Each structure stands twice: as structure tokens, then as C-alpha cells.
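Structure record follows, encoded as C-alpha cells.
The values are calculated or read from the model by the stated rules, or taken from the named source; none is laboratory data. Small disclaimer: the values here were computed from a predicted structure and weren't measured. Cβ atoms come from the backbone with ideal geometry, glycine included; neighbour counts cover every protein chain shown.
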Amino acid sequence: MLKHLIAAALVAITSVPAHAAGLPGQASRNCQIPQSVPVDAAKADKSSPFLGIFDGRWERVLPVTLIIYEVEGSKAYGYYAWKDYGPWKVKAGCRAVLGRISGQTLSFRGDDHMTFVFKGAKPAGTYIYKPGTSEEFVEKASFSRKR
């Protein structure tokens, strides 16, 4: 856990654009990701289907990228990035995320209330905006692994 706190501090201090780090993904160019973030596809296939870089489009319109670079037990560490989308008044951005794994499901809470169900190489995603409020709405997407 301590190494993740240190890594989070280093992200704030020594981050670079994702494309400079060589990470693919349709939305990751909007993200500040440290150059040292390894994403090992071979390890993903052997040890965890959750590791990797995944692209999708919420409701087939808003491009997003989910990067999971480490899995420890039931925890998944990564980044979530999205592109601009004018009709929804969404501005491009990125944030570090911590997910929970249960069975074939990867879930995130907080600012990004997302769930990804892994059945094969294309996880199905669900995003809930402002859960439990009168403004709540649900978006769906199918994601594909980039690496």
C-alpha cells in the first residue's frame, strides 16, 4: 500500500503526457501518466484479465480509456481518461483510479462509479452518474483491449 501512496505522489510531481510514455488508447493523450507505468499484456493473459489498456465509448459517443497497470488481490490500480464531448458538456480529463475485483467484475466508486464485467477480451462497462440522486443516469459501453 505504501508503494501506491508513493507512486501517487510521484504522479503529481513527475508526470508526463500519456503519448510521451508510449501508452496507446483513444483518450489517454488527455492524461498525465508517469513514464514508469508498465502495462504487460503477457502478464494480463496469464495472471489477470483485468490488466491492460481498454478503449470504449459510453453510449457509443464519449471516447474513454481505462488503464489497469497493477492487480493486488482484490484491488486494481489504474487510470481512467476521457475525451471532450460537446453535446454532453464534457471536457477531456484523466484521474488515477482504485478498483475492487469480485469474480469477473471490476468496480470503481467515487467520482467515477463504473463497473466492468469481464467475459473474454471485451469487458462490458456500466457508468452511473450521480447515483441515488434525481440527476442519476446510466451509460453502457463495450470495451476492447488495446494491449
> Which fully enclosed strands (runs of 3 or more DSSP E) of region 34-132 have 3 or more residues being on the phi > 0 side of the Ramachandran plot and modelled with pLDDT of 85 or more?
Replying inline: none
> Restricting to region 101-126, what's the tally of residues that are farther than 16 Å from residue 67 by Cβ and either hydroxyl-bearing (Ser, Thr, Tyr) or surrounded by 14 or more Cβ atoms within 10 Å (Cβ to Cβ) (or both)?
Replying inline: 8
>> Where the second residue is surrounded by fewer than 18 Cβ atoms within 10 Å (Cβ to Cβ) and the first is without any contact (Cβ under 8 Å) to a residue 60 or more places away in the chain and lies in region 134-147, which pairs have Cβ atoms under 6 Å and are six or more apart or on separate chains?
In response: 136/130; 137/129; 138/128
>> Of everything in region 127-147, what is exposed (fewer than 13 other Cβ atoms within 10 Å of the Cβ), in contact with a strand residue (DSSP E or B) (Cβ under 9 Å, 6 or more places away or on another chain) and among the β-branched types (Val, Ile, Thr)? Give them in sequence order.
In response: 138
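Here is a check on your reading of the model: is residue 123 within 22 Å of residue 48 (Cα to Cα) and in contact with a strand residue (DSSP E or B) (Cβ under 9 Å, 6 or more places away or on another chain)? Let's see the steps before the verdict.
Numbers: within 22 Å of residue 48 (Cα to Cα): yes; in contact with a strand residue (DSSP E or B) (Cβ under 9 Å, 6 or more places away or on another chain): yes.
In short, yes.
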